[in-house]
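Reviewing the structure listed below.
A short reminder: the numbers here are calculations on the coordinates, not readings from a lab. Since the structure is predicted, the reported quantities are computational estimates derived from the model, not experimental observations. Cβ atoms come from the backbone with ideal geometry, glycine included; neighbour counts cover every protein chain shown.
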Amino acid sequence: MDLRFDSQNYKFIKKIVFAVEKYVNSADIFISTWHSAPTRSLDNVRFQILDLFKIMKEDSELITTPITSREVPQLENIELLFFAYRDFVGDADRILAEFGFGRAHHRALYFVNRKPGMTVAELLETLKITKQSLARVLRQLVGSGYITQATETTDKRKRLLYPTRSGRELVLALSAPQSRRIDQALKQTGEPGSETVTRFMQAMIGKS
């Protein structure tokens, strides 16, 4: 039986479609098509909705088989990098927690120590974070006495960042366990130096 949908029925059907929209890319097409032809039969609309829920059910089925290196060629190395990074940053995380700092504070403090006098713009470019995020981190590091800011003599708009003595001592304390971890790993692999690791890391940066 064909029924003409009034505005109330349209709103009801639209709510159902929006509820499943995240599962079905064609939800908008369904709404626009149906809205342009409001004389569609109730059965047709019912069948379309059932099709949408069928897709939802298929999309939510459990997958019990793990991904393999056949699907992802570098799967084992991806996994190793995850665990290596977890433990590498974990060494510093435990020290940072004592100061109420996080990894963003560590990175900012590290690069300011690597290049004292760098501008805020340079640090932003290095860290690839938002101005708001960096402003919060710098405010805490400056307020805690680990970084100090100065104005460039030739351009008053530029702010130069310098580590304080406390900032230098903190970054050395954070880097010490990380340095030991790298040294120990190199010794266990029998590598005489870090050249291979350095070349690998450099090749990993930037390009994909």
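Sparsely packed loop sites in the stretch 144-205 (the trypsin sites (Lys or Arg not before Pro) outside DSSP H, G, I, E and B with at most 10 other Cβ atoms within 10 Å) comprise Lys156, Arg157. With all projection directions averaged, the alpha carbon convex hull of the stretch 118-184 covers 5.6 nm². Volume of the convex hull of the stretch 75-204 (Cα atoms only), normalised per residue: 139 Å³.
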